[in-house]
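Heads up: the structure comes next, in structure tokens.
The values are calculated or read from the model by the stated rules, or taken from the named source; none is laboratory data. Here the structure is a predicted model, which means the values were calculated and not measured. For neighbour counting, all protein chains shown are included, and Cβ atoms are generated from backbone atoms with ideal geometry for every residue, glycine included. Each accessible area value is taken on the protein alone, full model and side chains, heavy atoms only, with ligands, DNA and RNA left out. Shrake-Rupley method; radii C 1.70, N 1.55, O 1.52, S 1.80 Å.
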Amino acid sequence: MLHIDSVVGDRAEPGLHRRLHHLEHRGAVETVTIASADMARRRLRLTTPKGEELAIALPREQKLFDGAVLLIDDDRAIVVRAEVERWLRLQPASIADAVELGYHAGNLHWRVRFEGECLLVALEGPAEAYFARLDALFAGRSIKSTVVTQDLAA
């Protein structure tokens, strides 16, 4: 198991970018995809695409981010990629529906953000599970819903 105790830097830094570019031509860069919910963690275990286990234990002043270089040497590199995040976009038709929707989302401790008059709920499981929790709220109301994806690196 490979122990990672710090982030080397950002893949966009000119020096690291050049080194990574040369390693990519040799197929020596592994990308580990991390769920957005895990990006804030300082300790976690992962497996690289080639099957190597990683134990990450970062100091308090460091955090993972899309493009974080975890390892780079003459032979290989390991880079973090943030998972594409899925959101449930809910657009209530009235202020009353919006208030009740906000109450339910808060009561269920869902991670949300706002986009104009829409409430976006981060999907950390199947969308059907979220719809099932909101069935009673949707009954007899006009709340439009769609599932959208957002690449956090974009």
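The condition of being of a type in the set (Val, Ile, Thr) and without any contact (Cβ under 8 Å) to a residue 40 or more places away in the chain holds for only one of 29, 79, 99, that being 99. When 99, 69, 80 are checked against the criterion of being more than 30 Å from residue 3 (Cα to Cα) and at pLDDT 90 or above, 99 stands alone in meeting it. Total residues in segment 45-54 satisfying the condition of being assigned to a strand (DSSP E or B) and open to solvent by 10 Å² or more (accessible area, probe 1.4 Å): the figure is 4. Within segment 103-129, residues that are assigned to a loop (DSSP other than H, G, I, E, B) reach partners that are basic (Lys, Arg) with beta carbons closer than 6 Å, at six or more positions or on different chains, in the pairs 123/86. There is at least one residue in segment 76-95 that is out of contact with any Gly (no Cβ under 9 Å at 6 or more places or on another chain), part of a helix (DSSP H, G or I) and open to solvent by 60 Å² or more (accessible area, probe 1.4 Å). All of 68, 35, 57 fail the test of being touching a strand residue (DSSP E or B) at 6+ places or on another chain (Cβ under 9 Å), surrounded by 14 or more Cβ atoms within 10 Å (Cβ to Cβ) and within 30 Å of residue 121 (Cα to Cα), apart from 68.
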